[in-house]
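J.: I'd like to ask you about the structure that follows.
The values are calculated or read from the model by the stated rules, or taken from the named source; none is laboratory data. Treat the numbers as computed from the prediction; the structure is a model and nothing was measured. Don't worry about glycine lacking a Cβ; one is built from the backbone with ideal geometry, like all the others, and counts go over all protein chains shown.
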Amino acid sequence: MILKELSEAVGVSGKEEAVRKVILSAIKDHTQDIRIDPMGSVTAVKRGTNLRPLRVMIAAHMDEVGFIVRGIDGDGSIRFSAVGGIDDRILPGLRVKIGDIPGVIMWAPIHQNREQTVVKINNLRIDIGASSKDEVNGKVKLGDRIAFDSRFMEIGDKMLRGKSFDDRAGCSLLVDVLQGGPYPVDILAAFTVQEEIGLRGAKVAAQALNPDVAFVLEGTTANDIPNPMADADDGLDYNPTCSMQAGPVLSVMDRSMIVNPRLLGFLRATADAEGIPYQLKSQLGGGTDGGSIHMANAGAATAVISLPCRYIHSPTAYLHRDDYDNALKLVKAALQSIKPEHYSHSS
């Protein structure tokens, strides 16, 4: 697992170079035909042992949500906009980095903001310790990416904490798959860019790779925590989407696609046969690279296998190691046994 290195690399959408460097180093001795496409995605092939192997694309996106510099005020504070989906409520007081420059998103202390209203991102600024625009010039430029300033850590024996688990956890999982094997199928690996702003890199990668079938590895929302808006006596009175320590999450449908039912059934049967716990994603929101992949070229049956993570799209996500290990077991088992009849409507 190289999740720590991947998590701490900065790769806000459209500027994924640091993440790409980590991945290239990790897969260079385990794959062939490594390429960086015009969008910046990394594609590679791990050859299968069968005479005429299926071509199975496995995708995970390298980019993370973050911010972009859109202006510098006269007092040296930085105006910024979100890149990807970020909740305004978590922003005030957060530590961020603009390149190597640390900063803090300004906030009014409770003594001056007794109403505790949510401040919109357009009204927030980043303080990098400058007192004038001239002091900032040369250090920060329009268009610079801004990332959460947080570190990866292990909590106890099996809890992992860090930023950008959506989707560095999927990238780490794909690296582990490529470093394993052998497999009877050709693995067409795609570490994609710009998923958080529209599934863009996956579209180009899938058109180039032209797979028979595809799996998307993701980090998804494990909202298995008490509802802060509920009465304390009511407990969990809402839909948690998925839960930690309940195994990998299999999507049925989201805003970007309906999962091929035969392929979903195959994954469920594989998990049952291998004694791997799994859960079905119980909310239909969001989307993944599968939304682009399943419609590329003449179409490809696509399924999504996600890791349940708390607090994604924030500086500190949580992931349980058992969920990671069980997802890896499921992907490896599926690759060993998948056949056309497991996804083809004509079989």
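J.: Between residues in the stretch 54-83 that are under 21 Å from ASP149 (Cβ atoms) and residues that are among the polar types (S, T, N, Q) and not in a strand (DSSP E or B), which pairs lie under 6 Å by C-beta distance while being six or more apart or on different chains?
T.: ASP63/SER13; ASP63/GLN194; GLU64/SER164; GLY76/SER131; GLY76/SER132; VAL83/SER13
J.: Taking the condition outside any loop (DSSP other than H, G, I, E, B), under 28 Å from ARG151 (Cβ atoms) and within 23 Å of the chain's Cα centre (by Cα), does VAL10 pass?
T.: no
J.: Those residues that are surrounded by fewer than 20 Cβ atoms within 10 Å (Cβ to Cβ) and basic (Lys, Arg), I need them from the stretch 247-292; list them, please.
T.: ARG255, ARG262, ARG268
J.: Testing VAL304 on (1) touching a His at 6+ places or on another chain (Cβ under 9 Å); (2) part of a strand (DSSP E or B); (3) of a type outside the set (Gly, Ala, Ser), one condition comes back false. Which one is that?
T.: (1)
J.: Further question on the same structure: For the stretch 201-222, give me each residue that is modelled with pLDDT of 95 or more and out of contact with any strand residue (DSSP E or B) (no Cβ under 6 Å at 6 or more places or on another chain).
T.: LYS203, VAL204, ALA206, GLN207, ALA208, ASN210
J.: So, LYS163, is that one surrounded by fewer than 21 Cβ atoms within 10 Å (Cβ to Cβ) and among the charged types (D, E, K, R) or not?
T.: So LYS163 fails the test.
J.: Something else now. Could you please give the count of residues in the stretch 293-334 that are of a type in the set (A, V, I, L, M), crowded, with 23+ Cβ neighbours inside 10 Å and farther than 21 Å from VAL252 by Cβ?
T.: 2
J.: Scan the strands (runs of 3 or more DSSP E) fully inside the stretch 145-213 and keep the ones with 1 or more residues being within 30 Å of SER337 (Cα to Cα).
T.: Result: 186-192.
J.: List the pairs whose first member sits in the stretch 164-190 and is in the same structural domain as ILE23 (by TED's automatic domain parsing), whose second member is among the basic types (Lys, Arg) and surrounded by 24 or more Cβ atoms within 10 Å (Cβ to Cβ), and whose Cβ atoms are under 8 Å apart, counting only residues at least 6 apart or on separate chains?
T.: If the second residue must be among the basic types (Lys, Arg) and surrounded by 24 or more Cβ atoms within 10 Å (Cβ to Cβ), the pairs left are LEU178/LYS46; GLY181/LYS46; TYR183/LYS46; ASP186/LYS46; ILE187/LYS46; ALA189/LYS46.
J.: Where residues in the stretch 80-104 are touching a helix residue (DSSP H, G or I) at 6+ places or on another chain (Cβ under 8 Å) and part of a strand (DSSP E or B), which of them is farthest from ASN122 (Cα to Cα)?
T.: Per the criteria, the residue is ALA82.
J.: From the list ARG70, ARG35, which one is over 30 Å from GLY103 (Cα atoms) and not β-branched (Val, Ile, Thr)?
T.: After applying the criteria, what remains is ARG35.
J.: Same structure, new question: What is the residue count in the stretch 27-51 for residues that are part of a loop (DSSP other than H, G, I, E, B) and under 20 Å from LEU199 (Cβ atoms)?
T.: 5
J.: Let me ask something else about it. Taking the condition among the hydrophobic types (A, V, I, L, M, F, W, C), buried (at least 18 other Cβ atoms within 10 Å of the Cβ), touching a helix residue (DSSP H, G or I) at 6+ places or on another chain (Cβ under 6 Å) and assigned by TED's automatic domain parsing to the domain that holds LEU330, does ILE72 pass?
T.: So ILE72 does not fit the description; no.
J.: Could you go through the stretch 269-292 and let me know if any residue there is of a type in the set (A, V, I, L, M), closer than 30 Å to GLY93 by Cα and touching a Ser or Thr at 6+ places or on another chain (Cβ under 9 Å).
T.: Scanning the stretch 269-292, I find no residue that is of a type in the set (A, V, I, L, M), closer than 30 Å to GLY93 by Cα and touching a Ser or Thr at 6+ places or on another chain (Cβ under 9 Å), so the answer is no.
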